[in-house]
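Shown next, in structure tokens, is the structure this report addresses.
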Amino acid sequence: MRVDYHTHHERCGHAVGKLEAYVQRGVEIGLSQIGLSDHMPLLHVDPAHYYPEMAMPMDELPRYVEECFSLKERYRGQIDVRVGLEGDYIEGWETEIRAIIERYPWDYVIGSVHFLGEWDITDFRQTHHWEGKDVLQVYRQYYDAVSKAATTGMYDIMGHTDVIKRFGFAPAAEQTEERIALENAALQAIAKSGCAMELNASGLSKPCAEMFPGRRMLTEAIQLGIPLTLGSDAHDPLKLGDYLPEAEALLRELGCTEVAVFEGRQRSFLSLNV
Ligand SMILES: [Zn+2]
Ligand SMILES: [Zn+2]
């Protein structure tokens, strides 16, 4: 395995393990690069009155960054640590998000749509929001947010691009054509923005039982020339790199032989053929 660019740790409240445990595990499993990319603190909802354990508190952010950079130094020569953030995209909060992104010397920032308004569509505690909703309409809203996120130019990598499928809510079979059109429009916005996209293997362990994105979107993304990264989205050091061999195999099968890597928000490529 070459790289794992999507990881979390205990500061976010719903992951276990210290940052260093992830880095050590990365050395153990032979990663050449590990990207630390914990969740951005909550901005648009009050952490005191929202679901608990969503993200690190705002005042932890400087300590997170400092610890990441000290690990990057300490493990130099053993593994390349990259310092990242899984930044949310929240429509209407672009200025506040940009301020957080610009405050620190990140190696990369992932842009993920978790929130449609105050609903975190990736949170298993909030699936009741699907009740009584037109599924296709939710997909429209979601992919519209993905396109807008890419267009902001704030992010280096778009995260789990089709995560809206996570809990298995999908438009009806006769709406497949429109679903595909929505997915493709989002991919075109990503391609146009020039940012990369991750193949997030964690979807295999979710109710949707597919990586994010699935094979069809991934094939389309490769055709559009979107650079790809790999991530396990580990929330436990023991899950670091989970399903990444499958993800790498899929990339190779689809003719993709390199993955994008970042330092100081500059992109380069690492060959998968080693
Ligand atoms: Zn998380
Ligand atoms: Zn995420």
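Structure above, values below:
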| quantity | calculated |
| --- | --- |
| Accessible area expressed per residue, segment 139-274, with surrounding protein chains retained (probe 1.4 Å, Å²) | 42 |
| Computed [θ] at 222 nm, helices only, for the chain once each DSSP H run of length n ≥ 4 contributes -39500 (n - 2.57) | -10000 deg cm²/dmol |
| Percentage, to the nearest whole number, of Cα pairs in the chain over 35 Å apart | 10 |
| Extension gain, Glu66 back to Arg215 (0.36 nm per residue minus Cα-Cα distance, nm) | 49.9 nm |
| Whole-percent carbon and sulfur share, accessible surface of the chain, 1.4 Å | 50 |
| DSSP bridge pairs, segment 3-271: antiparallel proportion in percent, nearest 5 | 30 |
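The values are calculated or read from the model by the stated rules, or taken from the named source; none is laboratory data. Since the structure is predicted, the reported quantities are computational estimates derived from the model, not experimental observations. Side chains are part of the model used for accessible areas, which takes the heavy atoms of the whole protein and leaves out ligands, DNA and RNA. Shrake-Rupley method; radii C 1.70, N 1.55, O 1.52, S 1.80 Å.
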